[in-house]
Amino acid sequence: MAFTRPTAAQINFDLVNLTDPLIRLNSGETGSADKDAGFVIERGNDTNVGLIYDESADSFALINTDEIGTTAGNVTIASYADLTLKKVTQSEQQYTTSNMMKFNQYYLGNASGSYFTNGEYQKVLTIIPAGNSENYQVRGTISAQNAGETHVVTFNAALRSGDPLPDLSWSIQYTEQYNGSRYIDPQLWTKETSTAGFIFAFKTLGTIYGNVTVDIDVIPRSSGLKSNVTMNNTVSSEQAGVDSGYTANDMSKVFSIIADDFTVAGTLTAAGNVEVTGNLSVSGTTTTVDVNSINITNSFTFEGATPDGNETKLTVVDPTADRTITLPNATGTVALTANVLALAGGTMSGAIALGTNRITGVGDPVGSQDVVTKAYFDANTSSFSSNASGFSNSTFITVPGAVSFDLVKQQDQSGDAETPFVASGGLDAFGVSLSEVYDMMEPIGKSTTTDLGALS
């Protein structure tokens, strides 16, 4: 009598007890796997669910399905079902479609699991290159929490083993945000001795009563390099110093966000508009502004070379129309209005030293204190006296009687006689020859005699 293998079996029990430690499905299957296998749960009027191994995806799947458990082959998946778990422990996740390795962990500090203290170190992951020219990209976030304060560091690193080993090269930048104190200093430890190695770590900058969490992606150039990466999943594994043979390298900071403050360590380039609603502080030796114009509402304030309470403010009077002030193409000091003479009017407060320079373009004098030009002087020479007496035709050097004369001596106090007249020829103011000399009684010259008796 021949027996036929049933396609389905039914066990009508409310409870099935199995003493076997394993349940074997698809028993006796030979050849290449081509059938989905698993469990299907009927749910009456609601969509059935199942736990199957999906051969087409090479993975287990929780599914929603219209299958009733009679399909011998591919199970039709309507959608994927949710999975709720209390806790999942994972040290490493690797995507099947790439070389990416994901790692997340939290650290509590010392061996007793209490907290970090200032100056302690915590290793996160280690990469030991096995050969030359191995490339790794490491990116992630390290977050420290202490009471109501947080300090978050986001970094991106490019690592490469040298040719030849143990030379290494790397480039790391990070950004940070914190609302209180800085608690962690991200570091890359490197070893370039007999062997080469990279270690991602952080140094604590204060006491951390909370924990420090990491969420890191490691992407080696090829899948074969995954074996060179080791994640540290020990919660309490802080240490007092850097590993022997390694050198601690601080990462390069790109910018910091400190509560409401934003600090850029390098160059900040904005392709669009930048609006600052608060105060803008720029520090450094040189600030370059390459624009056609700068609009200032009120004034510029200059601190000077010495930071103190004294400043110089550059401001303007409220303009009533568009104005343009052009600075000269020259080097020098800008003078204030109190130190310069106005183009129209004004009074000098001191003497002017012109050196060898001239004053040109002066008009003819009008008032008694006006400047006399050369042209005016030349045209009126005959009306000017060369002496202080005021006699226009006098040849006196000194007004007679203005000084005391010793007629025994010459004018220069030499010789035997003195005269107040220039003895260089010509006539004096009285028509007497300058070669003749007066005595004390009467002048030498012409005289007219009149006999007073003849007048009677």
- prompt: How do 211-222, 228-239 rank on mean C-beta neighbours within 10 Å, highest first?
  reply: 211-222, 228-239
message: Suppose each label sits 7 Å from its Cα in the direction of the beta carbon; what would the A248-Q173 distance come out to in nanometres?
response: 2.5
field: FRET efficiency, 1/(1 + (r/R0)^6) with R0 22 Å, evaluated for R182 and A240 via beta carbons
entry: 0.60
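Would you mind counting up the charge near D66? Only other residues with Cβ under 15 Å from its Cβ, with Lys and Arg at +1 and Asp and Glu at -1. Walk me through the numbers before you get to the answer.
Values: positive: R43; negative: D36, E42, D46, E67.
Neighbour charge sum, excluding D66 itself: -3.
Which of the peptides 145-157, 338-350 is most tightly packed, and how do the rest follow, judged by the mean count of other Cβ atoms within 10 Å per residue? Could you put the intermediate results ahead of the total?
Numbers: 145-157: 17.2, 338-350: 7.4.
Most protected by this proxy first, the peptides run 145-157, 338-350.
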field: Proximal lysines to K374, defined as alpha-carbon separation beneath 20 angstrom and excluding residues fewer than eight positions away on the same chain
entry: none
- line: If each K or R counts +1 and each D or E counts -1, the residues other than Y178 whose Cβ falls under 11 Å of its Cβ total -2
- request: Mind jotting down the distance between the C-alpha centroids of the range 26-77 and the range 171-212, whole Å?
  value: 48
query: Between S56 and L25, 0.36 nm times their residue separation minus their Cα-Cα distance comes to what?
result: 9.4 nm
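Could you work out how much longer the chain between T297 and I68 gets when fully extended? Use 0.36 nm per residue separation minus the Cα distance between them, nm to one decimal.
74.7 nm
Given R₀ = 60 Å, what would the calculated FRET efficiency be for V316 paired with T207, taking r from the Cβ atoms and rounding to 0.05? The partial results should precede the final answer.
Details: r = 54 Å, r/R0 = 0.90.
In this case the efficiency is close to 0.65.
Tell me, D322, D36, D54 in order of fewest to most beta-carbon neighbours within 10 Å? Mind dumping the intermediate values first?
Numbers: D322 5, D36 23, D54 16.
The most exposed by this proxy come first: D322, D54, D36.
Filter the cross-link list K102/K253; K102/K191; K86/K203; K87/K123; K123/K226; K203/K226 down to pairs whose alpha-carbon distance in this structure exceeds 22 Å.
Working: K102/K253 24 Å; K102/K191 24 Å; K86/K203 33 Å; K87/K123 25 Å; K123/K226 18 Å; K203/K226 26 Å.
Correct reply: K102/K253; K102/K191; K86/K203; K87/K123; K203/K226.
Beta carbons within 10 angstrom, averaged per residue: use that to sort the peptides 307-317, 130-140, highest first.
Working: 307-317: 8.5, 130-140: 17.1.
Put in order of decreasing packing, that is 130-140, 307-317.
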query: If you add up the charges near D34, with Lys and Arg at +1 and Asp and Glu at -1, over every other residue whose beta carbon is less than 13 angstrom from its beta carbon, what do you get?
result: -4
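No lab work stands behind these numbers, since they all come straight from the coordinates. The model shown is predicted, which means the values in this text are computed figures rather than measured ones. Quick reminder, even Gly has a Cβ in these numbers, built from the backbone with ideal geometry, and neighbours come from all protein chains shown.
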